[in-house]
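Engineer: One structure coming up, written as structure tokens, with questions to follow.
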Amino acid sequence: MEHNVITINGQPYPTRNYPLLPIAAYGSRDLYNLNDTQYRTSVAIHEAGHAIAHLAGGNAHLVHVSLADDLDVEVNGAVEAWSYDRHAPAAVIADCAGERAVDMWLHIAGLWTDERAIAAEIAAHFDRALALAVPGMTHALLRGMHDPTDDLLAAHWPSVEAVAEALITARHLTGDQVAHITGLPNREQP
Ligand SMILES: [Zn+2]
């Protein structure tokens, strides 16, 4: 069940988790209510999730993944990857992998709450906009891609954590460095 309560840039932003707070309270960092170390880990896990999904999905060349020094900026992490087929399910799964990795990490770390789950969804609004640009894609179809995304992340979870940890230290990893850490192949540039 989706709840069309949140809007981003004037557009409804359906979330799978039910918002309990007034909309005005939705700054994603405030909503997370994590300490600085936990918050940095959440951003690193988000980016690592994208990176692993790109490599494990086998549909992209991963160029780099990075984490900003100052996390209080709108874009505080980034992944650059060149997809072979931008409309393939693997590409959409890679878009979903950031927010789903954070949701999984919150559960594993014993930190999951409704508010934090929604914060992870809000933090992924650029990712969802990208996925929704695929012809025929809808919020409901995108939501259906969360299951295969979760399966992929679960199968590669130790790699997600290892890349997040390396990212927290190094702030920037090339695709080949991520491939080295995880043992996953990084395809040639398309
Ligand atoms: Zn993302």
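Engineer: Determine one quarter of the surface area of the Cα convex hull of the chain, which equals its mean projected area, and express it in nm² to one decimal.
Structural biologist: 9.9
Engineer: If you take the beta carbon distance between Trp82 and His180 as r and set R0 to 22 Å, what does 1/(1 + (r/R0)^6) give as a FRET efficiency, to the nearest 0.05?
Structural biologist: 0.70
Engineer: Then there is this: Give me the one-decimal nm value for the distance between modelled label points at Arg16 and Thr138, 7 Å along each residue's Cα-to-Cβ direction.
Structural biologist: 1.8
Engineer: If you don't mind, there's one more thing I want to ask. Relative contact order for the range 34-182: what percent, with Cα pairs under 8 Å and sequence separation of 6 or more?
Structural biologist: Relative contact order, the range 34-182: 34 percent.
Engineer: What nm value, rounded to one decimal, do you get for the distance between Thr113 and Ala154 when each label is placed 7 Å out toward the C-beta?
Structural biologist: For Thr113 paired with Ala154, the spin-label model returns 2.7 nm.
Every number here is computed from the coordinates shown, using simple stated rules; none is lab data. Computed from a predicted model, the values in this text were never measured in an experiment. Please note: Cβ atoms are built from the backbone with ideal geometry, for glycine as well, and neighbour counts cover all protein chains shown.
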